[in-house]
Amino acid sequence: MKRKGYLGVVSSILILLLFGSLAYLVFLRGWGYYKDDWHLIWAGNALGLSGIIQLFTLDRPFMGVLYAITYRLLGESTLAWQVFGFLVRFCSALFFYWLVSAIWQKRSRLTLIMACIFLIYPGFLQQPNANTFQNHFIGLAAAILSIVFTIKSFQTKKYAWKLFFILASVFLTLFYLLIYEYMIGLEIVRFLLVDFTLQQKEALPVKKRLLRLFLGIIPYLIVLVVFLLWRFVIFNSTRAATDPGLIGAMYLSQPLPMLMRLILESLKDIFAVMISAWVVPLYQLSENLDYPSLLLAILIGAAGIAAWMLYTRKDVTSTKDGEFQSKHETLFLFVFGTLLASITLLPIILMNRDIHFSDQFDRYSLQASIGVAIAAGGLLSGIKNDVLQRWITACILGISLITHVCNGIYYTRFWSAQQQFWWQLSWRAPGVRRNTTLVALMPSGFGLAEGYEIWGPANRIYYPAEKDIILSGETMNQETLGWIQSKQSYGRVFRTFTYTVDFKNSLILSLPGNGSCLHVLGGDQLELSGNEGAVARLIAPISQPDLIDMDVNAAAPPEKIFGKEPAHEWCYYFQKISLERQRQNWPAAVELANDALSLNLQPVDNSEWMPLYVSYYQVGDMERTNEIGGILRASPEFIAPYCAQFTDEMIDKISADKDLSFLVFNICPHIVNE
């Protein structure tokens, strides 16, 4: 490019900021807490900074200290964590831009392409999970800056600056390794990048160059040896996933299968980060996206394409500028970048982990994006037709933006579902009795993976002053389904904390989606939504609504976490009417029902007419009762399973109760004659 000096640097930074903003800031205010965030938020509130540090003592103690410092600064505000996560991620992109600019001097378009791809690489989609991954962002930023300082120490001739760069780089090396040991492959990346820089600087004999390189990296080798001694010899990791001893035992006991796995997973993962990352995440995210949202993503991608084409339109590049490169150099950069990506993945694969684009396992691709960006930049810079190069680059960046926007929409809706869940539960349940096990069923696509995603927010809302886990939580999967059906009780060990899951005291909560409100399952008669899945229908009879404590002051989700209380629309009235129905406070229930109907509020899910149907009957309003009964009878998705639950024995008992027999037989008249 012909933009030079500070103006060129500033304009390049602004382009990076533009692409970062399009990828991450559009939906940032709609992102919240997810998955691992919840046990950390609970620990910070219940146990303070020492509790956060304690969580990490078994595997990454320094990460706990760093997290505690960050929590102290940011608190529980979701917006603060999201802004901080973006700033750190953007800083890492600036450091990477500095790094590649120091190596490929006077190749401004090449380095900007690399930096843009690094910043919005579509193979890493955990940016909205900023609370958990801010440690990863900080570690990667420190690692990149450390490598920049190492290269600068070789390039500068001033002793004072050389000493500064070496000391700062050594400190940052130890800093990032203590945060996240999986990034240790970046030390080999450091060696290769410095060697490549030396080759470009002057043509030295191989032995002389390697000797100079070795002498220059001695400080980093010392740090690396010290870290490895601490990690493998002194420190005893009690978490299986990060225990080198346990992993080593697997290799010793199964050498051939583990070797085959190492080779095949290496090939698979490098293909994933280099090729699949541009296709698979976008396909997975867009497959379940509605058309207006997909169109929005495409428009933002198109804006990115237009921005790149406008920015590069006045650049006159030729082989004289050094912007274009030979086929040999193009191939070299692609192979070199692929090698760097492979090296960063190797420690992860050695520790029996791998990359796939689901369940957050794309997180291991973060450091590999360094190599991917260099390889992709090399390929793109090798296209000698300027217009074609600009268009292909723009389209690749556009695809990345579309992927991130689709991802941002997904996480916005995921957080919205969680907000709805906990706000509606607070309306429905003033309190939840101690030692209750909460089972949460979320809408399709937003399933919870771990129990702490339930007990974390539940204890934060209902028992914020307690230092123990008062309410346990469990998710539904093939393993836990059998346990809940048999009402088992068992202990759980989570990091340094223990708690009991007792399915004899289960309160099952379901947010079916498709417009349905939160439903507290259970009771003598199941009133299941037509949107409920098979699992909910299997376990609903085990739920005990009487575990809701109706005699305490209502707990409210903290606004700094869950946002302001939602507007009081249908779901608010449904929860309040259901609560008064459980209390058998029929006048209060009817008053709430009248208020809702006077506001023209009605359910999307017809099963939610049931509390109104029962309440109007109990106060003798037969006109309203029969009107709602007609709606229920005309709703096959609800009435068919509702009526089918009644056995002959249940029908006999119902027949003996005047009120109950009317309520049931009025909407299920056919079961009387069967």
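Things worth noting here:
- Scan region 514-540 for residues that are touching a Gly at 6+ places or on another chain (Cβ under 7 Å) and open to solvent by 30 Å² or more (accessible area, probe 1.4 Å) and the total you get is 1.
- Test: residue in region 114-122 that is in contact (Cβ under 8 Å) with a residue 60 or more places away in the chain, open to solvent by less than 30 Å² (accessible area, probe 1.4 Å) and either among the acidic types (Asp, Glu) or within 26 Å of Asn45 (Cα to Cα) (or both): no
- In region 531-541 there is at least one residue that is touching a Pro at 6+ places or on another chain (Cβ under 6 Å) and modelled with pLDDT under 95.
- Against the numbered list (1) surrounded by fewer than 23 Cβ atoms within 10 Å (Cβ to Cβ); (2) without any contact (Cβ under 8 Å) to a residue 60 or more places away in the chain, Ala449 comes up short only at (2).
- Cβ-Cβ contacts under 7 Å between residues 6 or more apart (or on different chains), taken from a first residue in region 313-341 that is aliphatic (A, V, I, L, M) to a second residue that is at pLDDT below 90, are listed as Val316/Lys2.
- Within region 140-247, helices (runs of 4 or more DSSP H) holding 2 or more residues that are within 25 Å of Leu87 (Cβ to Cβ): 159-179, 186-201
- Check on Asp354, among the acidic types (Asp, Glu), touching a residue at least 24 places away in the same chain (Cβ under 8 Å) and crowded, with 20+ Cβ neighbours inside 10 Å: no
- Within region 475-494, considering residues that are open to solvent by 60 Å² or more (accessible area, probe 1.4 Å) and touching a residue at least 24 places away in the same chain (Cβ under 8 Å), the one nearest to Leu538 (Cα to Cα): Gln485
- With respect to the stated conditions, Leu14 fails to be open to solvent by less than 30 Å² (accessible area, probe 1.4 Å) and either free of Cβ contacts under 8 Å to residues at least 24 places away in the same chain or outside any helix (DSSP H, G or I) (or both).
- If you go through region 382-418 and pick out every residue that is closer than 30 Å to Tyr33 by Cα and either open to solvent by 50 Å² or more (accessible area, probe 1.4 Å) or not in a helix (DSSP H, G or I) (or both), you end up with 3.
- Residue, nearest to Thr156 (Cα to Cα), within region 77-110, restricted to residues that are touching a Gly at 6+ places or on another chain (Cβ under 7 Å) and not in a helix (DSSP H, G or I): Lys106
- Every residue from region 45-67 that is surrounded by 22 or more Cβ atoms within 10 Å (Cβ to Cβ) and among the small types (Gly, Ala, Ser): Gly64
- Candidates Ser543, Ser615, filtered to the one that is in contact (Cβ under 8 Å) with a residue 24 or more places away in the chain, surrounded by 18 or more Cβ atoms within 10 Å (Cβ to Cβ) and closer than 22 Å to Ser661 by Cα: Ser615
- Test: Leu289 is aliphatic (A, V, I, L, M), surrounded by 13 or more Cβ atoms within 10 Å (Cβ to Cβ) and in a loop (DSSP other than H, G, I, E, B): yes
- Residues in region 213-245 that are open to solvent by 20 Å² or more (accessible area, probe 1.4 Å) and among the aromatic types (Phe, Trp, Tyr): Phe214, Trp230, Phe232, Phe235.
- Here region 598-608 is the region considered, the condition is being surrounded by 22 or more Cβ atoms within 10 Å (Cβ to Cβ) and touching a helix residue (DSSP H, G or I) at 6+ places or on another chain (Cβ under 6 Å), and the residue that is farthest from Gln582 (Cα to Cα) is Ser607.
- Residues within region 225-281 that are β-branched (Val, Ile, Thr) and more than 30 Å from Leu401 (Cα to Cα), tallied: 8
- Number of positions in region 151-205 that are touching a residue at least 40 places away in the same chain (Cβ under 8 Å), of a type in the set (S, T, N, Q) and open to solvent by 40 Å² or more (accessible area, probe 1.4 Å): 2
- Scope region 447-464; condition at pLDDT 95 or above and over 16 Å from Val501 (Cβ atoms); matching residues: Pro457, Arg460, Ile461, Tyr462, Tyr463, Pro464
- Filter pass, Gly20 being crowded, with 19+ Cβ neighbours inside 10 Å and over 21 Å from Arg109 (Cβ atoms): no
- Unmet requirement for Asp269, which otherwise passes all of (1) of a type in the set (Asp, Glu); (2) at pLDDT 90 or above; (3) open to solvent by 40 Å² or more (accessible area, probe 1.4 Å): (3)
- Within region 29-38, restricting attention to residues that are in a helix (DSSP H, G or I) and open to solvent by less than 10 Å² (accessible area, probe 1.4 Å), the residue that is nearest to Tyr67 (Cα to Cα) is Asp37.
- Matching option when the condition is assigned to a helix (DSSP H, G or I) and at pLDDT below 95, among Ile113, Ile52: Ile52
- The residues of region 358-374 that are among the aromatic types (Phe, Trp, Tyr) and either at pLDDT below 90 or at positive phi (or both) amount to a single one, Phe361.
The values are calculated or read from the model by the stated rules, or taken from the named source; none is laboratory data. Keep in mind that what you see is a predicted model, and the values were worked out from it rather than measured. Cβ: placed from backbone, ideal geometry, glycine included. Neighbour counts: every protein chain shown. Keep in mind that these areas ignore ligands, DNA and RNA; they rest on the heavy atoms of the full protein, side chains included. Shrake-Rupley method; radii C 1.70, N 1.55, O 1.52, S 1.80 Å.
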